[in-house]
1. Mind checking which residues of segment 126-172 are part of a helix (DSSP H, G or I), hydroxyl-bearing (S, T, Y) and under 30 Å from L111 (Cβ atoms)?
2. For segment 66-93, enumerate the residues that are over 19 Å from A120 (Cβ atoms), more than 13 Å from the chain's Cα centre (by Cα) and buried (at least 16 other Cβ atoms within 10 Å of the Cβ).
3. If I filter segment 149-168 for residues that are modelled with pLDDT under 80, more than 20 Å from Q21 (Cα to Cα) and in contact with a Lys or Arg (Cβ under 7 Å, 6 or more places away or on another chain), do I get at least one hit?
4. State which residue is farthest from N78 (Cα to Cα) when the search covers only segment 114-154 and only residues that are of a type in the set (S, T, N, Q) and exposed (fewer than 12 other Cβ atoms within 10 Å of the Cβ).
5. Examine segment 24-44 for a residue that is under 17 Å from the mean Cα position of the chain (by Cα), loosely packed, with under 15 Cβ neighbours inside 10 Å, at pLDDT below 85 and farther than 16 Å from D112 by Cβ, and state whether such a residue exists.
6. Checking E96 against (1) under 22 Å from R40 (Cα atoms); (2) surrounded by fewer than 19 Cβ atoms within 10 Å (Cβ to Cβ); (3) touching a residue at least 12 places away in the same chain (Cβ under 8 Å): exactly one of these is not met. Which one?
7. Here are some residues: R49, R124, R131. Which one is within 17 Å of the chain's Cα centre (by Cα), charged (D, E, K, R) and within 30 Å of S2 (Cα to Cα)?
8. When you go through E71, E117, E123 one by one, which is the residue that is assigned by TED's automatic domain parsing to the domain that holds K46, touching a helix residue (DSSP H, G or I) at 6+ places or on another chain (Cβ under 7 Å), of a type in the set (D, E) and over 26 Å from E32 (Cα atoms)?
Amino acid sequence: MSKPVKNLIIGEYKKRFGDVQGGVVVEIRGMEATANNKLRNDLRAKGVRVTVIRNSLARRAFAGGPLEALEKVLKGPNAFVYGDRSVVDVARDIVELATASKELELKGAILDGELFEGRAGVERLSKMPTRAEAQARIITIALSPAKKVLGCVVSPGSKILGIVKEIESRLEKGETIAAR
């Protein structure tokens with residue numbers, strides 16, 4: 001391949017992956033064409049894209065950026081899987097598809113510059129909470145003590161309200177209420 005063509009491909013990688021902060025590297029070698037098309041269509045329906053990459057050109061395009069750590073797993077035929085959603089969601093989708101397809105090899109993933117190497121790394125990433133899930137957990141934890149305090153404050157009032165309602169219902173029935 002000539003140098004101008006390589007430079008065009010590197011430029012395309014920089015343009016395509018310039019805003020991407022994370023993704024998953026997979027090997028799809030040995031996968032039948034129909035299975036490969038089904039995989040790509042299933043992922044595309046979820047907003048996830050699959051791009052076959054040339055390792056040496058991808059290394060040069062990723063250098064100095066958030067995907068630079070992927071250099072370690074860029075060996076052999078690779079495809080880079082990324083999407084508009086969280087990389088954790090992408091990893092969950094890929095792990096689910098990899099269990100169904102034995103030909104799909106998980107090589108690694110990257111999130112915020114941290115490399116998750118091999119199948120175990122991608123599976124570990126897929127079990128992490130997404131940003132929205134983590135924020136929801138933090139809010140729940142932060143609000144939990146206030147909710148308990150509010151319950152303690154409201155509890156005596158609700159007990160008194162229950163007693164008042166009981167007195168009211170007995171008076172409506174014409175019963176007398178004895179003081180204790």
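The values are calculated or read from the model by the stated rules, or taken from the named source; none is laboratory data. Since the structure is predicted, the reported quantities are computational estimates derived from the model, not experimental observations. Glycine also receives a Cβ, built like all others from the backbone with ideal geometry; neighbour counts cover every protein chain displayed.
1. Residues of segment 126-172 part of a helix (DSSP H, G or I): 126, 131-172.
From what is left, the residues that are hydroxyl-bearing (S, T, Y) are 126, 140, 144, 155, 158, 169.
Residues satisfying the conditions are S126, T140, S144.
2. Once the filter is applied, which keeps residues that are over 19 Å from A120 (Cβ atoms), more than 13 Å from the chain's Cα centre (by Cα) and buried (at least 16 other Cβ atoms within 10 Å of the Cβ), segment 66-93 yields P66, L67, A79, F80.
3. no
4. Initial filter on segment 114-154 (of a type in the set (S, T, N, Q)): 126, 130, 135, 140, 144.
Still in the running and exposed (fewer than 12 other Cβ atoms within 10 Å of the Cβ): 135, 140, 144.
Working: Q135: 33, T140: 40, S144: 46 Å.
Ranking the qualifying residues of segment 114-154, first place goes to S144.
5. No, segment 24-44 contains no residue that is under 17 Å from the mean Cα position of the chain (by Cα), loosely packed, with under 15 Cβ neighbours inside 10 Å, at pLDDT below 85 and farther than 16 Å from D112 by Cβ.
6. So the condition that E96 fails would be (3).
7. From the options R49, R124, R131, the qualifying one is R49.
8. Of the residues listed, the single one that is assigned by TED's automatic domain parsing to the domain that holds K46, touching a helix residue (DSSP H, G or I) at 6+ places or on another chain (Cβ under 7 Å), of a type in the set (D, E) and over 26 Å from E32 (Cα atoms) is E71.
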